[in-house]
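Chemist: There's a structure below that I have some questions on.
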Amino acid sequence: MSDQSFRENFLARLRQMRTESKIRSRQLFQQLWQDKETGSTSNAEDSNLHFLEENHALLLPQQSFLEPSDATNLFPLKTRTVELILRQINLFYLPQRLENLLSYCDPFTAVATFLNALNFSYEDLLKNQHQQKLCQSIFREFMEIEQGYKLESVAINDLPLYEAAATHDLENFHQTAFAFKRALDVIDILEQVQPRNYQKQQNQLRQFWHQKQVKELEKMIEKLNA
């Protein structure tokens, strides 16, 4: 299939997604986060479903989600499809959050949902190189975080990270991402040192890390390493 044909087919599926005005990031994330103190697999699945429902239902409310399937042989094909879709807009990394959506929907829905959460549309990214570069910078930050930390084992509130990305203010987004990484560092050190009430401190950080200044997080690291 040619690139042009691929784009036309994909755009035909996404054209109905356009709304009269862009949905602001704060609206996208209302009531998404629930307390995830246990970090269990079921909580991770709930988070993915909430992310999908909130960000996709606004686009295509008439489309039903797929039931989770045990047909694991199909998953690599879905992953490869997403990679090819992203390649058309010069994105060469598959974020973990996007990949996690594939258990609940088709690749096209997953891409549309994820990009919408970042306040992008596939159609705009195809036409606008400035938007592509902006999205590439955001994806690179996701890549650095995911390659440096084992997020699948930490039930942390990542929604403020997506809220910051959706503003398209790169400086603010990178600052938020840096605070996110420092919080992950503190959570990891707490697990190693295990001071009194360390689990309570971890749970507070997992949910409210974005309410702390970077300097405060760095002081916590210094204190724990002393």
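Chemist: I'd like the distance between the alpha-carbon centres of the stretch 88-138 and the stretch 150-206, rounded to an integer number of Å.
Modeler: 23 Å
Chemist: Please label the shape of the stretch 160-221 as rounded, prolate or oblate, based on the square roots a ≥ b ≥ c of the eigenvalues of the alpha-carbon gyration tensor (a/c under 1.5 means rounded; beyond that, a/b larger than b/c means prolate, else oblate).
Modeler: Because a/c hits 1.5 or more and a/b exceeds b/c, the stretch 160-221 counts as prolate.
Chemist: Also: Using every alpha carbon pair in the stretch 111-193, what percent of pairs falls into each 5 Å bin from 0 up to the bin containing the largest distance?
Modeler: 3, 14, 25, 22, 16, 10, 6, 3, 1, 0, 0
Chemist: Would you work out the Kirkwood radius for the stretch 83-226? I mean one over the mean of 1/r across all pairs of different Cα atoms, in Å.
Modeler: Result for the stretch 83-226 stands at 16.4 Å.
Chemist: Which whole-Hz couplings ³J(HN,Hα) result when phi for each residue of the stretch 214-221 is put into the Karplus expression 6.51 cos²θ - 1.76 cosθ + 1.60, θ = phi - 60°, listed in order with x for Gly and Pro?
Modeler: My calculation for the stretch 214-221 gives 4, 4, 5, 5, 5, 5, 5, 5 Hz in order.
Chemist: Now for a separate question. What's the carbon and sulfur percent of the stretch 72-159's accessible surface, probe 1.4 angstrom, rounded to a whole number?
Modeler: 50 percent
Chemist: I've got another one for you. What percentages make up the Cα-Cα pair-distance distribution of the stretch 95-145 when the bins are 10 Å wide from 0?
Modeler: Pair shares across the bins are 24, 53, 22, 0.
Chemist: Still on this structure, please answer the following. Using the Karplus curve 6.51 cos²θ - 1.76 cosθ + 1.60 with θ = phi - 60°, work out ³J(HN,Hα) for each residue of the stretch 148-155 in order, rounded to whole Hz, and write x for Gly and Pro.
Modeler: x, 9, 8, 5, 5, 9, 10, 7
Chemist: Enumerate the calculated ³J(HN,Hα) couplings along the stretch 184-201 in order (Karplus 6.51 cos²θ - 1.76 cosθ + 1.60, θ = phi - 60°), each rounded to whole Hz, writing x wherever the residue is Gly or Pro.
Modeler: So the J values, rounded to whole Hz, are 4, 4, 5, 4, 5, 5, 4, 5, 6, 7, 6, x, 4, 6, 5, 5, 5, 5.
Chemist: Checking the table 150/215; 150/181; 181/223 against a 20 Å threshold on Cα-Cα, which pairs fail?
Modeler: 150/215
Chemist: Now for a separate question. For the stretch 72-159, compute Rg over Rh where Rg is the Cα radius of gyration and Rh is the Kirkwood radius from the inverse mean 1/r over Cα pairs.
Modeler: Radius of gyration over Kirkwood radius for the stretch 72-159 works out to 0.95.
Chemist: Considering only protein heavy atoms, with the full assembly of protein chains and a 1.4 angstrom probe, order 167, 113 by accessible area, largest first.
Modeler: 167, 113
The values are calculated or read from the model by the stated rules, or taken from the named source; none is laboratory data. What you see is a predicted model; the values in this text were computed from it and never measured. With ligands, DNA and RNA removed, areas are computed over all heavy atoms of the protein, side chains included. Shrake-Rupley method; radii C 1.70, N 1.55, O 1.52, S 1.80 Å.
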